[in-house]
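Have a look at the structure below before the remarks.
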Amino acid sequence: MRMTPLKTIGGIAATLVLAALALADTDTIMLKTEAYVKGPALTLGDVADVQGENADALADIEIGNAAMPGDSKRLDASLVRSRIENAGFTADSVEIQGPGSVVATTLYSEITSDMLATDLRTFIEGEMPWALDEATIDVAAPTQNLVVPDGLVEVRWWPNPQYRWVGPGVFRGEVTVDGEVKRTVLVRAQVEAYTEVLVAATDIPRGSLISVADLQLEKRAMSQMRGNVLQSTGDAVGQVARSTIFPGQVITSRQLMPRQLIKRNQPVTVEARAGRLVIRSQARALMNGCEGDLITCVNPDSREEFQGVVRKDGVVVVN
């Protein structure tokens, strides 16, 4: 029987020990066939399982840029090795295993046009000065969906600075992911608010003194209002129509004028106060006058002119 020399056996054992030590010092990188990454940068830890003493440092090595959200990118093993060596690791200290390439797909979130329209509607409901039951909101949904990186998605909305929450308007939305703005979108919306306004219940001829029976309150769209629209019967009763007002027509302050209480050359009663003493006399008005007007009168005896304010009952009050 032939015996193996002890020296030879010892040499083999030493070789195996050295190989085991060398293997123990080698970091192992197992490439994935497919990887789903967040981006925007790709690291080794995204596309491979890394084990060994230097696993953390190796996993942080940047391999390149990720594809756009929803798209994929193929990375060859040779590129991975090149990036590892550029990071200061030697070829014999790292063992790359697995497929010859990795397909890295970037995760994404899709924001549909309906989601944007609903979110804008909620924003308008919270910001407009009208009660929900007094307004309608019509949002024109965008024509395309938005694709953004994966993460916490929020939309911040701003109206045009001149918008008064009535009629059509354009709203700017900033789509953020984890607090960082990724997309900007413009969305059109129309807000219609309704309020009670004064309208003519019947024909009101020019020069007619307006009474309660001539008026009624109706809810109308504010975007259709022009001028200083009246909203209370008290604002119109006792006034005079400047021009004919037709049934259903919204009444504005420009269509009315105060009732003329005094006509030029008309005799008027003048009232003056001295302490608790009230003195009344007669005079002649030199101009027409409505309630609250300051008019000039003349004393018929002395021919002295003076001024006074027309009171609601047609008396001219002199201070």
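Every read-out reported here was derived from the displayed coordinates using simple, explicitly stated rules and does not represent laboratory data. On a predicted model such as this, the values are computed, not experimentally measured, just so you know. Counting neighbours? That spans all protein chains shown, and the Cβs are built from the backbone with ideal geometry, glycine included.
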Find, among the GluC sites (Glu not before Pro) in segment 92-132, those assigned to loop by DSSP (not H, G, I, E, B) with at most 11 other beta-carbon atoms within 10 angstrom. none
Throw me the Rg/Rh for segment 251-319, computed over C-alpha atoms with Kirkwood Rh, two decimals. 1.05
Comparing Val177, Val47, Val268 in a Gaussian network model of the chain (Cα, 10 Å), the one with the largest mean-square fluctuation is Val268
Relative to the present Cα-Cα distance, how much length would full extension add between Glu304 and Asp114 at 0.36 nm per residue of separation? 60.5 nm
Just to be sure I understand the rule: take each whole DSSP H helix in the chain, project its Cα atoms onto its long axis, keep it if the span is 18 Å or more and its mean Kyte-Doolittle hydropathy is at least 1.6. Which ones pass? 6-24
Loop only by DSSP, 14 or fewer other Cβ within 10 Å of the Cβ. Give me the trypsin sites (Lys or Arg not before Pro) in segment 148-235 that pass, ordered by residue number. Arg164, Arg206, Arg226
Once R0 is set to 22 Å, what does the formula 1/(1 + (r/R0)^6) return for the Cβ-Cβ distance between Lys263 and Asn319, expressed as a FRET efficiency to the nearest 0.05? 0.40
What distance in nm lies between label points placed 7 Å from Cα along the C-beta direction at Gln231 and Asn160? 2.4
Treating the Cα atoms of the chain as identical point scatterers in vacuum, please give the log10 of the normalised Debye intensity I(q)/I(0) at q = 0.07, 0.09, 0.11, 0.16 Å⁻¹, two decimals. -0.63, -0.77, -0.92, -1.19
So which chymotrypsin sites (Phe, Trp or Tyr not before Pro) in segment 112-159 end up in coil per DSSP with only 16 or fewer other C-beta atoms within 10 Å? none
